[in-house]
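The values are calculated or read from the model by the stated rules, or taken from the named source; none is laboratory data. Since this is a predicted model, take the numbers as computed values, not measurements. Using ideal geometry, Cβ is built from the backbone for each residue, glycine included, and neighbour counts are taken over all protein chains shown. These area figures cover heavy atoms from the full protein model, side chains too; ligands, DNA and RNA do not enter into them. Shrake-Rupley method; radii C 1.70, N 1.55, O 1.52, S 1.80 Å.
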Amino acid sequence: AEFTPNSFFMSPPCSLWSLLAVAPPLRRFHPRKKYAGYAFLCALFCAYQQTFIGSSHRSHGVAAKAVGEELPEGSAAAAVRKYFEAWNARNMAAACDQFEEDCSYEDTQYAGAFTGKAALEAHLYKVADALPPSFRFCIDDVADGGSVVGVQWHVENDGQALPFTRGCSMYRANPASGKLISGFDVPEPAPVKPGSASLGLLSLASKIIAEPIRAVPALAWLAYLTIVFFSNGIVPGKDVTQLDPATWKEVLDLSLNFWLISPLLQLPFAPVLHPGLEGIFNLLLAWAAAFAGFLSDGRPGRTSGSMLPTVIGMQLLTNAFYLPYLVTRSPETEKKVFVEDLEPTETQVSENAILGPLLSVVGFVAVAWGFYARPEFGGFEERWASLLQLLGQDRLAFSFVVDLVLFALFQGWLVDDDLRRRGADPEQHVALRAVAKFVPFLGLCAYMVLRPRFPSRTDTAAA
């Protein structure tokens, strides 16, 4: 009988599983290296099939019935194809339906495996949020071994293959259920394991590409950090790296007078500071707290996560937390959100009718304190002159003014999305939007009172 490449590579000794069986040195390696080697063999087998079998079909005229006939696909290969299709449709629930509950998935770009379907689904949503919708994972070749399969793949953007995005994967299925029990990805190698860091950068880049307006708070944040924290000569005082003891004492004293509670109660430990500085500081804190009204932007299920850490961080470092949140938050895709979809504890704060009025009172008290408290600082003209002198010498005081300006510029950034998820058309609330976006602080407090409430599924069903 004539010897052909096809007859050799499709003979039992050189089948895929024989290739794996005759590679015992792989078994002595660390599991990561062992499976990476297996994935390489799978890819090698696929390449042999494509090159030699295809050429033998053309060169030797082997009948399709004998060689080219498609065999029934194994359970692992069938599940993998469904997984890729669901992933490309960004239907991560359907993608995870191809896996067993106790599955394990390892991507060699990350340290450790994702164990369990819930962990895998969370990871897939995080990755999908980082990639533009035009990105697709495309299967090049499949080495089908029944309940085990090797896959070669690459990534395309709008039908164009991207460089450095090829990879191999191995999947194992439960023969009884046909669902996958493990996956192991080997992308093109990188000098370091970028993992979440590269995913974060990719997510940031894709969001700015999709919504170029996000570059505005991004640039504002970079300028804010550079000028306020690290520059010398642009703003008064020493930069943060010099650890000026006077600055840290000022931070402590202002913190003790948080929301003016200590001086109003005349507590013995309450420090005496310039009333104008105390007024600016506490107005700033009340303004930062007003953004708690947007906690629904980080409701459960949103890939950018809860907004609560950002709001808490804003009480400490204001725009150092707020501006990057505007850049990295997930786009709002829901046209209507129900109150049952929100996190219950956060909802008690963000949707509380007293939030806006309470913070507006704190703001009024802070301004009045700056004008009238501590008579030893003199009348209006005298204390105004001394405040301007302080702002010209004190970096911390100057930074508070910068924070107030940035809050005024970006306070309305979340308003339109907030209206949409409440089922309201922003174009039909022109006056409310204008107040919320362009009236500093008090407009935001008023918006918390006047905006529509979230609908309830119970009320909707009853209607």
- prompt: Out of (1) touching a helix residue (DSSP H, G or I) at 6+ places or on another chain (Cβ under 9 Å); (2) surrounded by fewer than 19 Cβ atoms within 10 Å (Cβ to Cβ); (3) part of a helix (DSSP H, G or I), what's the single condition that is false for Tyr83?
  reply: (2)
Among (1) within 17 Å of Asp418 (Cβ to Cβ); (2) free of Cβ contacts under 8 Å to residues at least 24 places away in the same chain; (3) not acidic (Asp, Glu) - the single one Ser306 does not satisfy: (2)
query: So which of Gln393, Gln411, Gln315 ends up being touching a helix residue (DSSP H, G or I) at 6+ places or on another chain (Cβ under 7 Å) and in contact (Cβ under 8 Å) with a residue 40 or more places away in the chain?
result: Gln411
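For the stretch 359-410, which positions are of a type in the set (Gly, Ala, Ser) and under 39 Å from the mean Cα position of the chain (by Cα)?
Within the stretch 359-410, Ser360, Gly363, Ala366, Gly392, Ala397, Ser399, Ala408 qualify.
What do you reckon, is Arg421 in contact with a helix residue (DSSP H, G or I) (Cβ under 7 Å, 6 or more places away or on another chain), buried (at least 20 other Cβ atoms within 10 Å of the Cβ) and more than 28 Å from Phe291 (Cα to Cα)? If you could, list the steps in order and put the result at the bottom.
On the way: in contact with a helix residue (DSSP H, G or I) (Cβ under 7 Å, 6 or more places away or on another chain): yes; buried (at least 20 other Cβ atoms within 10 Å of the Cβ): yes; more than 28 Å from Phe291 (Cα to Cα): no.
Against the criterion (in contact with a helix residue (DSSP H, G or I) (Cβ under 7 Å, 6 or more places away or on another chain), buried (at least 20 other Cβ atoms within 10 Å of the Cβ) and more than 28 Å from Phe291 (Cα to Cα)), Arg421 does not qualify.
Does any residue of the stretch 140-154 turn out to be out of contact with any His (no Cβ under 8 Å at 6 or more places or on another chain), outside any strand (DSSP E or B) and without any contact (Cβ under 8 Å) to a residue 24 or more places away in the chain?
Let us first name the residues in the stretch 140-154 that are out of contact with any His (no Cβ under 8 Å at 6 or more places or on another chain), namely 141-154.
If we keep only those that are outside any strand (DSSP E or B) as well, we get 145-147.
Keeping just the survivors that are without any contact (Cβ under 8 Å) to a residue 24 or more places away in the chain gives none.
Checking the stretch 140-154: not a single residue is out of contact with any His (no Cβ under 8 Å at 6 or more places or on another chain), outside any strand (DSSP E or B) and without any contact (Cβ under 8 Å) to a residue 24 or more places away in the chain.
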query: Can you find even one residue in the stretch 228-243 that is crowded, with 17+ Cβ neighbours inside 10 Å and in a helix (DSSP H, G or I)?
result: yes
message: Here is a check on your reading of the model: is Ala436 under 24 Å from Phe338 (Cβ atoms), of a type in the set (A, V, I, L, M, F, W, C) and outside any helix (DSSP H, G or I)?
response: no
message: With the structure loaded, tell me whether Trp287 is part of a helix (DSSP H, G or I), touching a residue at least 40 places away in the same chain (Cβ under 8 Å) and open to solvent by 50 Å² or more (accessible area, probe 1.4 Å) or whether it fails that test.
response: no
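Within the stretch 381-390, work out how many residues are within 10 Å of Gly276 (Cα to Cα) and free of Cβ contacts under 8 Å to residues at least 60 places away in the same chain.
Going through the stretch 381-390, the residues within 10 Å of Gly276 (Cα to Cα) turn out to be 383-384, 386-388, 390.
Add one more test, that the residue is free of Cβ contacts under 8 Å to residues at least 60 places away in the same chain, and what stays is 388.
Number satisfying all stated conditions: 1.
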- request: Find the helices (runs of 4 or more DSSP H) located wholly in the stretch 363-428 whose residues include 2 or more that are closer than 30 Å to Ser296 by Cα and at pLDDT 95 or above, and list them.
  value: 395-410, 415-421
message: Pairs needed: first member in the stretch 212-237, at positive phi; second member anywhere, surrounded by 17 or more Cβ atoms within 10 Å (Cβ to Cβ) and in a helix (DSSP H, G or I); C-beta distance under 6 Å; at least 6 residues apart or different chains.
response: Gly237/Arg395
query: What is the residue count in the stretch 244-268 for residues that are open to solvent by 80 Å² or more (accessible area, probe 1.4 Å) and part of a loop (DSSP other than H, G, I, E, B)?
result: 3
field: Residue list for the stretch 118-127, filter: of a type in the set (D, E, K, R) and open to solvent by less than 30 Å² (accessible area, probe 1.4 Å)
entry: none
task: With respect to Ser304, determine if the residue is in a helix (DSSP H, G or I), among the small types (Gly, Ala, Ser) and more than 21 Å from Ala408 (Cα to Cα).
output: no
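Determine, yes or no, whether Leu295 is at pLDDT 95 or above, of a type outside the set (Phe, Trp, Tyr) and open to solvent by less than 30 Å² (accessible area, probe 1.4 Å).
Details: at pLDDT 95 or above: yes; of a type outside the set (Phe, Trp, Tyr): yes; open to solvent by less than 30 Å² (accessible area, probe 1.4 Å): yes.
Criteria met by Leu295.
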task: State whether the residues of the stretch 182-189 include one that is at pLDDT below 90 and in a loop (DSSP other than H, G, I, E, B).
output: yes
message: Looking at the stretch 331-351, I want the residues that are more than 23 Å from Ile312 (Cβ to Cβ) and touching a residue at least 40 places away in the same chain (Cβ under 8 Å) and have a partner that is open to solvent by 40 Å² or more (accessible area, probe 1.4 Å) and assigned to a helix (DSSP H, G or I) with Cβ atoms under 7 Å, at least 6 apart or on another chain. Which pairs are those?
response: Lys335/Arg420; Phe338/Arg457; Glu340/Arg457
task: Take the residues in the stretch 336-379 that are of a type in the set (Ser, Thr, Tyr) and closer than 20 Å to Gly423 by Cα, then tell me which one is surrounded by the most Cβ atoms within 10 Å (Cβ to Cβ).
output: Ser350
task: Can you give me the number of residues within the stretch 157-182 that are in contact with a strand residue (DSSP E or B) (Cβ under 6 Å, 6 or more places away or on another chain) and closer than 23 Å to Leu120 by Cβ?
output: 14
message: Anything in the stretch 128-172 that is under 24 Å from the mean Cα position of the chain (by Cα), modelled with pLDDT of 85 or more, open to solvent by 20 Å² or more (accessible area, probe 1.4 Å) and hydrophobic (A, V, I, L, M, F, W, C)? List them, or say none.
response: Phe135, Phe137
